[in-house]
Structure formats: C-alpha cells, structure tokens
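The values are calculated or read from the model by the stated rules, or taken from the named source; none is laboratory data. These numbers come from a predicted model, not from an experiment. A quick note on method: Cβ atoms are made from the backbone with ideal geometry, for glycine too, and the neighbour counts reach across all protein chains shown.
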Amino acid sequence: MIFTSIPDNYDSVNKPLLYQFECDELREMVDVKIVDVIHDRTLGIRRFYNVQSAEIDVAPYLKNYFALNPIVGGISLADADGLYVAIVVEIDNERSAERYFSQYPVTYQMGALFTKSSKNQTLSRAESDYVVIYAPSNGGTLYCELHRGEEVFDSLSIPIEPKPGLQLLKIMPEELDERVDSMIVELDIEGEFNYLNYRIRPKSDASKRLMWLDADGMVQLYTFPMCRARRRQVEKRRIESEQGIIVTACKGESILELVSDYEAASMMEDLDAILESRYVFLDRGADSVKVDVLSTENVVRYGGELNSIMVEIRPCCREEVIV
C-alpha cells in the first residue's frame, strides 16, 4: 500500500484535504484511520469496500476538533493547542507523512502574526488580549516597552522559539507596575516587525470582555462597556415532611446582560459570531470562565446607522461565579 497524493502542510481546512492511496490488489475492505499525533487520539475512521485505490477528504473530520483554550496567568507565550492539528493517515499500520492543518491562513515556513483586534486599543488592567503567532524556522522575540506618560518606565522581552505549530501570545496589564499607563509591544517574527499599542485604564466593574472562536476558527475579543443587569436564578430541591417543607439542595447561577458600544455594521457582523460560537469565555485577566450564550438573535440596521447588541451569558459550570 502506498499513498499516491497527500495535501501540503497548512492547506486550508475550509477546502477538501484529499489523501489518495493505492493497494497492491483489489481489497474487500480497507480501514483508513485519521490520527492526531500530538494527543495520540483517533479523529475518525472510514471503511472502504471492494477497492484497490481510493481517496479520502479529511477536512470534515478535523473541523470539530478545533477549540479555544485560554491561557491561565499573566503575559506569556504558549502552544496554541486547539487552534491547529497535526495528523497522519494510517492504513494497514502504514502512516502518511505528518501534516499540520489550521483555519488560520498560514503560508508554510513563512512566519506570521494574526490578530483581529485593533493595532491600537485600550485594555483594562483586569483584561487581556491574544495574538496568534506562526514562527516555524527562526523563531523571534517579543519586546514590551512600558510607559508612564511620555517616559519609558521599564521593558521586558520573551523569546519566541521555532515551532511547526501555532503559538498563542497573551498580553495582560494586571501584573505590571500600577504606574504603567501604556505599552508598546514589538514582535519580531523571523525578521518581520509588527507593533501593537495598548493604553491601560483602571479596572471597571461595569465593563466585561468576551473572547470567542468565530466561524472561521479565529480568536476574537471585544469589551462590552456596560453590564446592564445581573440576574440570579436559584433552583431548590424540596421534600415535604411532618415538620413541613424542607430544602434538601440548592443551586444557583448568575446571568449577565452585556451591552456593546454603538458600532458600525461591519463590527456588528463580527459580534454576531458570539451568538453561534461553541467557545465563548468571559475574560478576567489572569483567568477566564467558559460561558453559555443565551441570546439567539441580533438585528443590524443598515443605511449608516450605528447598532448595539445585547448578549446574555451564564457560566457553563453552575458552580462558577462570573462577576
């Protein structure tokens, strides 16, 4: 058995990813296994009958395995586990060459930085931002220049190691000196320089920042400037006894109503993705809480009008507190 054709590294999972193979003779049955080599798990098996040669499109098997896994802690660089997958196709214990796939538009062996956030933005000390990095050959360096007014207050650097998969950079102001009011992040990715500018504002209990994975598999973040309401729902288990009704168990959950700023239609279309994303988190700076989005509808009015969206969220784990 030989593989006659396999996809290129980092071909888009939004198009067919065809593996073609040929056996020595006509076979009554051939099992084709798709294996995630990073986590040593089988993503799917397809059985062919009465074939000598055939092809399999692995893209449909991969899309359900992309996920968002926020980083716990402060400013750091970590493997972007969930945003890419490394697989082999196995037939009769023979494996194809290893291939990396992602929903990010990576050009193989060319370093890149991906962020859907603005290059200039404001972050609360209790919030964080994320940048996806691809640095397969020579790695790079992260430089942070910390400012207090016009004065350079401090600086730090983090090496970016060469890695065939994606990496996730977390920016979080909370662990910085309280006198720092802005920061310039310079990313040298294999000789290509990128700059991100952050103004740092004090913590605010009124605003809440959500992070989600959109339909294209991209990490997105947005700060809702207002939490309009907090609703507490409690579920009690009761029994009736000779002494009267007794509460034997009690569970509660908080539901938050978040309201966006008034935005243009293009931004509202990005925010719509929150309603249908399977991975939505409430960002709390050093950590995050996975939330269930209860809202199911958003209306965008065109013709130059600015729009806002209201999103209701609750923690996916009922014991978790989200305020």
Item checked: Residue ID - surrounded by the fewest Cβ atoms within 10 Å (Cβ to Cβ), chosen from residues in the stretch 36-81 that are within 23 Å of Gly139 (Cα to Cα) and of a type outside the set (A, V, I, L, M, F, W, C) -> Gly73
Next item on the list: Working only within the stretch 104-127, note down all residues that are in contact with a helix residue (DSSP H, G or I) (Cβ under 8 Å, 6 or more places away or on another chain) and assigned to a loop (DSSP other than H, G, I, E, B).
Entry: Lys116, Arg125, Ala126, Glu127
Item checked: Hits in the stretch 220-241 (condition: touching a residue at least 40 places away in the same chain (Cβ under 8 Å) and hydroxyl-bearing (Ser, Thr, Tyr)) -> Tyr222, Thr223
Check: Given (1) without any contact (Cβ under 8 Å) to a residue 24 or more places away in the chain; (2) under 21 Å from the mean Cα position of the chain (by Cα), where does Gly217 come up short, assuming only one miss?
Finding: (1)
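Go through the stretch 157-179 and count every residue that is farther than 19 Å from Phe114 by Cα and surrounded by fewer than 17 Cβ atoms within 10 Å (Cβ to Cβ). Outline the logic, then answer.
Going residue by residue through the stretch 157-179, those that are farther than 19 Å from Phe114 by Cα are 157, 173-179.
Applying the additional criterion that residues be surrounded by fewer than 17 Cβ atoms within 10 Å (Cβ to Cβ) yields 157, 175, 177-179.
Within the stretch 157-179, residues that are farther than 19 Å from Phe114 by Cα and surrounded by fewer than 17 Cβ atoms within 10 Å (Cβ to Cβ) number 5.
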Next item on the list: Filter the stretch 82-134 down to residues that are closer than 18 Å to Ile34 by Cβ and surrounded by fewer than 16 Cβ atoms within 10 Å (Cβ to Cβ) and give me whichever is nearest to the chain's Cα centre (by Cα).
Entry: Glu98
Margin query: For the condition modelled with pLDDT under 90 and closer than 23 Å to Leu123 by Cα, what is the one hit in Ser266, Ser260?
Written below: Ser266
